[in-house]
């Protein structure tokens with residue numbers, strides 16, 4: 001029995017190599033999550049430009065159908081669908097339903113918004129999901145939190161509000177839109193809760209899984225958005241620019257971004273990635289100002305500073321249990 005224990009003991013060098021590989025894999029997944037944030041930062045500018053030409057639901061359904069088709073094809077070629085068969089049913093149906101609900105609610109909110117200004121406000125409400133993700137990680141993942149988590153969330157979201165003010169927002173206009181057409185705001189809020197839940201439950205239910213089922217989620221979302229598109233007919237006008245925007249949105253901002261985010265939530269530094277996700281609305285405004293020709297103001301940079309400080313506070317306020 002003693003000899004058996006000696007021979008079955010893992011050498012310290014092998015344990016060191018395994019730990020080093022685990023760290024490298026975790027860092028790689030974390031980088032993928034950061035890339036997803038950068039891709040999503042350009043979503044508002046490109047999707048708005050595309051929607052103005054072909055319609056909101058037409059653009060959304062085409063984006064997710066193409067992204068789902070490309071992702072599924074890649075998974076089939078690389079034999080990764082075997083990993084999808086191994087995921088739990090709770091993740092497949094639970095997280096899948098949250099993913100689809102988030103997508104449909106968000107684009108339905110954008111489509112029912114009365115004006116371009118209200119679209120920006122709806123997007124602002126949707127950006128509650130980063131703070132909700134960290135807050136929900138405490139009960140769902142049983143992570144430890146300090147009292148500074150709440151001030152950090154408030155500070156970061158306050159920076160988002162200032163960034164929106166730099167684009168011409170005002171509380172008076174926001175309150176008027178909220179009273180006359182509150183349905184898009186409610187949908188955006190539901191979308192924010194869905195994505196925060198999705199991010200946490202993905203980590204909880206598939207921590208040991210090699211691959212997620214994002215390609216199937218993308219394809220299912222595209223099919224539902226296509227049904228919605230036929231319920232709300234839109235005028236479409238395809239141009240070379242709209243085709244380029246569609247390909248970029250489908251491949252980078254949707255297919256790669258969602259797969260990268262799912263990987264980061266399962267195997268990366270979730271706290272770091274979720275904290276950095278506060279920068280997404282600021283990236284959206286900066287990229288949007290360049291691509292759409294919108295002038296930025298002084299409050300944008302103040303908002304940027306508040307978002308960064310708030311993100312650091314959130315990062316330091318939540319700690320994963322050992």
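Bear in mind that the values in this text are calculations on the coordinates, not laboratory data. Quantities reported herein were computed from a predicted structural model and do not represent experimental measurements. With ideal geometry, Cβ positions are generated from the backbone for all residues, glycine too; neighbour counts draw on all protein chains shown.
Numbers below:
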item	result
For 243, 271, 63, order by how many other beta-carbon atoms lie within 10 Å, fewest first	243, 271, 63
Order of 278, 74, 107, 299 under a 10 Å beta carbon neighbour criterion, fewest first	74, 299, 107, 278
Fewest-first sequence of 252, 140, 108 by Cβ atoms within 10 Å of each Cβ	140, 252, 108
Separation between Cα centres of segment 62-109 and segment 201-251, rounded to whole Å	9 Å
Globularity ratio of segment 38-319, using Cα Rg and 2.2 N^0.38 Å	0.98
Estimated distance in nm for a label pair at residue 312 and residue 90, the labels positioned 7 Å out from Cα along Cα-to-Cβ	3.7 nm
